[in-house]
Protein chains: 2
Amino acid sequence: MSKQRTGKERPVGRRPGDSAQTKAAILTAAREAFSVDGFDRATIRSIATTAKVDPALVMHYFKSKQNLFAQAHELPFSPSELFAGVLELPSGLRAAELTRTYLSMLAFGPAPGLSLIRAAATNEDAARMMREFLSDALLTHASTLAPGSNGQRRLALVGAHLIGVAFARQILGLDVLKEADIDQLVNEISPAIQTYLDI
Amino acid sequence: MSKQRTGKERPVGRRPGDSAQTKAAILTAAREAFSVDGFDRATIRSIATTAKVDPALVMHYFKSKQNLFAQAHELPFSPSELFAGVLELPSGLRAAELTRTYLSMLAFGPAPGLSLIRAAATNEDAARMMREFLSDALLTHASTLAPGSNGQRRLALVGAHLIGVAFARQILGLDVLKEADIDQLVNEISPAIQTYLDI
């Protein structure tokens, strides 16, 4: 047996499974950094240092700080991924797609994003982290999705509405919203969202 | 001096100031009852018993359980009062009035209602209390303000949107929303609210 094991020995270093372990270490470091420093002040470099990896490897795995934040908080996708899919559609269909995707993710699934909403409601550090994350997303995406001088604010109101739906349906648990299926809600909410995307 | 005091003696019982003290006792009893029993199970009778007054006096001072709840939680007005003012207007002006009144109350003033939102986010008893209070208001007002088979849900979505604006502006503190004045926000939000009031 010892001979067999000897035969399978490999140089110390990267092994199968290292990638998953490294990603997990980066996500743990990222959660800690975002929680303590907020989204703006946390850096890829400091997260990499804590996780004992090269910053280039963090970017290789996670592509952007937005995406790293999203994955660290178990959001199914980052704003960039959400908006990229929405922008492929003609403008008249974007509100419905945005509403459906958000509701599918936040209000009808296991709803990982709700823990962020709950934390932000009572903890200023969590509120700052979420505020900075969303502000960064608004700055990045308003020019394409909601152009115009008040585009960032209109996109923020889209977010406010959808967060409010998640709050009323999942946290307050209003029966009239819980009883509705996703198609009903998309049909009813999309025209309101559309008012913010039209200019 | 003792002669003067004797001259001013009155029968033991109701004195000037009793009214304010009695109201305060009722509000304290109401907060406790709503918090422990929720909105539905708390009764005017049990609140009156705790406050050591007649139930008729509670109704005399506060008119309805909705209104008692609103005053116990320092909301500037109850849904009935808000909706009564809105219903006096032609339908095309109602969304703007509702939006302006809510924002004035919740998001631009000392925002007493925010403490309810914060509590509901992390405490199931508080969430249930707010859920039952809002459900009662939806049941009462949907037929006039948002008629139709899905009127309660559309009115719930109005509430969800406005709560979301309060959350994003006051709790998250998004700069693009904080920098906007109330006229800008009313102009931008009203068309979205209007989609829920039209049928």
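A few notes on this one:
- Cα point-scatterer Debye curve for region B:156-195, base-10 log of I(q)/I(0) at q = 0.32 Å⁻¹: -1.13
- Ranking A:ALA180, A:VAL53, A:LEU155 by how far each Cα lies toward the positive end of the dipole of the protein assembly as shown (charges on Cβ) leaves A:VAL53 at the top.
- Area of B:MET59 that stays accessible when all protein chains are in place (1.4 Å probe, Å², to 10): 80
- Rg then Dmax, both in Å and based on the Cα atoms of chain B: 20.4, 74.
- Here is the list for region B:23-113: GluC sites (Glu not before Pro) lying in DSSP coil, each with at most 10 other C-beta atoms within 10 angstrom of its C-beta, are B:GLU88.
- Rounded to the nearest 10 degrees, the inclination of helix A:151-166 to the longest alpha-carbon principal axis of chain A is 80 degrees.
- Annotation for the A:B interface, with buried accessible surface near 3300 Å², both sides summed [1.4 Å probe; non-protein components not counted].
- Using every pair of distinct Cα positions in region B:17-130, the Kirkwood expression returns a hydrodynamic radius of 15.2 angstrom.
- Rg/Rh for the protein assembly as shown (Cα atoms only, Rh after Kirkwood) is 1.11.
- Accessible area per residue in Å² at 1.4 Å probe, computed on region A:16-112: 49
- Calculated mean residue ellipticity at 222 nm for chain A: -22500 deg cm²/dmol, from DSSP H runs with n ≥ 4 weighted as -39500 (n - 2.57), summed, divided by the residue count and rounded to 500.
- Taking each residue as 0.36 nm, the span from A:ALA24 to A:THR50 lengthens on full extension beyond its C-alpha to C-alpha distance by 8.1 nm.
- For region A:29-119, the list of chymotrypsin sites (Phe, Trp or Tyr not before Pro) that fall in a loop by DSSP and count at most 16 other C-beta atoms within 10 angstrom reads A:PHE77, A:PHE108.
- Taking Cα atoms only, the orientation of helix B:124-145 departs from the longest principal axis of chain B by about 70 degrees.
- Kirkwood hydrodynamic radius of region B:110-199, from the reciprocal of the average inverse Cα-Cα distance over all distinct pairs: 14.3 Å.
The values are calculated or read from the model by the stated rules, or taken from the named source; none is laboratory data. What you see is a predicted model; the values in this text were computed from it and never measured. Heads up, the Cβs are rebuilt from the backbone with ideal geometry, glycines too, and the neighbour counts pull from every protein chain shown. Only protein heavy atoms, including side chains, enter the accessible area calculation; ligands, DNA and RNA are left aside. Shrake-Rupley method; radii C 1.70, N 1.55, O 1.52, S 1.80 Å.
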